[in-house]
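Down below is the structure, laid out as structure tokens.
The values are calculated or read from the model by the stated rules, or taken from the named source; none is laboratory data. Predicted, not measured: the structure shown is a model, and the values here were computed from it. Methodologically, a virtual Cβ is constructed for each residue, glycine included, from the backbone with ideal geometry; neighbour enumeration extends over all protein chains shown. Keep in mind that these areas ignore ligands, DNA and RNA; they rest on the heavy atoms of the full protein, side chains included. Shrake-Rupley method; radii C 1.70, N 1.55, O 1.52, S 1.80 Å.
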Amino acid sequence: MKARIALISAALGLCCPVFANTPDTSTLSSQFYYDGLIMAPDGRGYFGQQWLENAAEVTLYPKNGNTAIWTLTLTNGQGLPIVGEPVKISSAPFTLTTSQWRDPAGMAARFSSSVRAKVLTRIEQGLFRLKAPYDVSAPLTDAKGQVVVSINNFHSCGNDTTPGTDQFIAQTSTQQLKLKVKCAVTGLVAIPDTPSQGLTTSGLVGRHLHPDLLTALQNLGRAWHAQPDKPAGMPDHLTITGATMRWGGINPPHFTHKFGGTVDIRPIGTQSGPVSVGDAAYDRQATQSLVDALVQLGATQIIFADNLTGVTQVKANHKNHLHVSFLSEPLEPWHHDESDSDDEGLHWHDYEGIYDIRYFIPEVKQLKPDAFEFNLKR
């Protein structure tokens, strides 16, 4: 009897009541909109807008105030919006998943004990972000079949072969979309150890810089290497002791060195190896010549323990390195008050609302080695 009814229904063109086997024809699509600092692979950058359809992965620059919009649209087989459908949004670290990057206590432990409480406070305030925070417009699709997700940038970019990444998942009853959101300053290059050409490194964790800055420092190193009247025992190369992580962002124990435009350089001594202001091996005149050259290149900030001409801040805890920045504002992208500082005595800074690439991309004069003159006479 049931078989006869089914045959009659089919013959009359009536719907067969087997709804459970009807294939789902809904489509979940997305548009990603980003209004902020956009970096090119060569390290160039500009403030602009991006619209990406059904993007699988995107990159956000670690600047506070950079917010992206991920718009999800659910439609039926006829392309019409499906209204009132639940959409669940979730996110989790995809790369850079260890506690030292993603756990507040783990991150704070990488800073000196004197500033750990401040680091934890900034994390709690959401100003020092270990993952990409987000907000969802509504739990159900609206009249356009849409749910809008606002995604903020974060600061755990990392030092691995791939940048720190969060994976976002949008899930309906039958559809799923995934989006990987990366944290990165793109375009940075590794510092090679080439003492025979006048530039080497020592003790680096983050060993990357903006390519323009690296080229300028390499030419400076070549000039120093070729300097003929250095005293016996004085190194014929410059030594970088601090730079930027592979993808920029957080670089403990520093609050600086985030964007590839800041570098620590060892002062000049009468012998190779570490040297500090006050040491018998510290050569003040030779270090003054180094500072003069850095000013020639356009350094905007030089912090050192010796009050040499060209040093912008004298700080006692900078005896064994010159902290040199080529950024217009060489501090950091977080709120601060006057009591907040790191081991180098440098303050937090709020970059939210700043639309000037000089805050994030160094402006360096490209001088040939023969443009530098070093006065080593005492």
Check: For the stretch 92-107, what are the residues that are of a type in the set (G, A, S) and open to solvent by 40 Å² or more (accessible area, probe 1.4 Å)?
Finding: A92, S99, A105
Checklist line | Enumeration of residues in the stretch 142-171 that are open to solvent by less than 10 Å² (accessible area, probe 1.4 Å) and under 16 Å from T73 (Cβ atoms) | finding: G145, V147, V149, F168, A170
Margin query: Among the residues of the stretch 127-160, what is the count of those that are touching a residue at least 24 places away in the same chain (Cβ under 8 Å) and closer than 23 Å to T98 by Cβ?
Written below: 17
Margin query: Let me confirm something: among G353, G310, G345, which residue is surrounded by fewer than 19 Cβ atoms within 10 Å (Cβ to Cβ), part of a loop (DSSP other than H, G, I, E, B) and at pLDDT 95 or above?
Written below: G310
Next item on the list: Could you check A281 against (1) among the hydrophobic types (A, V, I, L, M, F, W, C); (2) over 29 Å from Q100 (Cβ atoms); (3) touching a Lys or Arg at 6+ places or on another chain (Cβ under 6 Å) and say which number it fails?
Entry: (3)
Notebook entry, point to check: Only one of these conditions is not met by L204: (1) at pLDDT below 95; (2) of a type in the set (A, V, I, L, M); (3) within 26 Å of V58 (Cβ to Cβ). Which number is it?
Noted result: (3)
Next item on the list: Look through the stretch 114-141, keep the residues that are open to solvent by less than 80 Å² (accessible area, probe 1.4 Å), touching a helix residue (DSSP H, G or I) at 6+ places or on another chain (Cβ under 7 Å) and at pLDDT below 95, and return whichever of them is nearest to G158 (Cα to Cα).
Entry: F128
Note to self: I need the full set of residues from the stretch 206-219 which are within 25 Å of N66 (Cβ to Cβ) and either free of Cβ contacts under 8 Å to residues at least 60 places away in the same chain or among the basic types (K, R) (or both), in order please.
What the structure shows: G206, H208, L209
Next item on the list: Would you check which residues across the stretch 255-271 are under 25 Å from P231 (Cβ atoms) and in a loop (DSSP other than H, G, I, E, B) and list them?
Entry: R266, P267, I268, T270, Q271
Item checked: Any chance P192 is open to solvent by less than 60 Å² (accessible area, probe 1.4 Å), free of Cβ contacts under 8 Å to residues at least 24 places away in the same chain and either over 23 Å from A56 (Cβ atoms) or hydrophobic (A, V, I, L, M, F, W, C) (or both) -> yes
Next item on the list: Considering each residue of the stretch 29-44, count those that are in a strand (DSSP E or B) and either open to solvent by less than 20 Å² (accessible area, probe 1.4 Å) or out of contact with any strand residue (DSSP E or B) (no Cβ under 9 Å at 6 or more places or on another chain) (or both), and give that number.
Entry: 6
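Table: residues versus (1) farther than 30 Å from V147 by Cα; (2) not hydroxyl-bearing (S, T, Y).
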{"site": "G77", "(1), (2)": "no, yes"}
{"site": "P81", "(1), (2)": "no, yes"}
{"site": "P86", "(1), (2)": "no, yes"}
{"site": "S99", "(1), (2)": "yes, no"}
{"site": "D103", "(1), (2)": "no, yes"}
{"site": "S112", "(1), (2)": "yes, no"}
{"site": "A117", "(1), (2)": "yes, yes"}
Notebook entry, point to check: Among P86, P23, P17, which is the only one that is modelled with pLDDT of 95 or more, exposed (fewer than 15 other Cβ atoms within 10 Å of the Cβ) and more than 30 Å from A109 (Cβ to Cβ)?
Noted result: P86
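Residue by residue, here is whether (1) touching a residue at least 24 places away in the same chain (Cβ under 8 Å); (2) buried (at least 23 other Cβ atoms within 10 Å of the Cβ) holds:
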{"position": "K180", "(1), (2)": "yes, no"}
{"position": "T186", "(1), (2)": "yes, no"}
{"position": "S196", "(1), (2)": "yes, no"}
{"position": "A226", "(1), (2)": "yes, no"}
{"position": "A232", "(1), (2)": "no, no"}
{"position": "G242", "(1), (2)": "yes, yes"}
{"position": "H254", "(1), (2)": "yes, no"}
{"position": "H257", "(1), (2)": "yes, yes"}
{"position": "G261", "(1), (2)": "yes, yes"}
Checklist line | Listing of helices (runs of 4 or more DSSP H) fully contained in the stretch 68-143 that carry 3 or more residues being closer than 20 Å to W247 by Cα and under 20 Å from the mean Cα position of the chain (by Cα) | finding: 99-102, 104-108
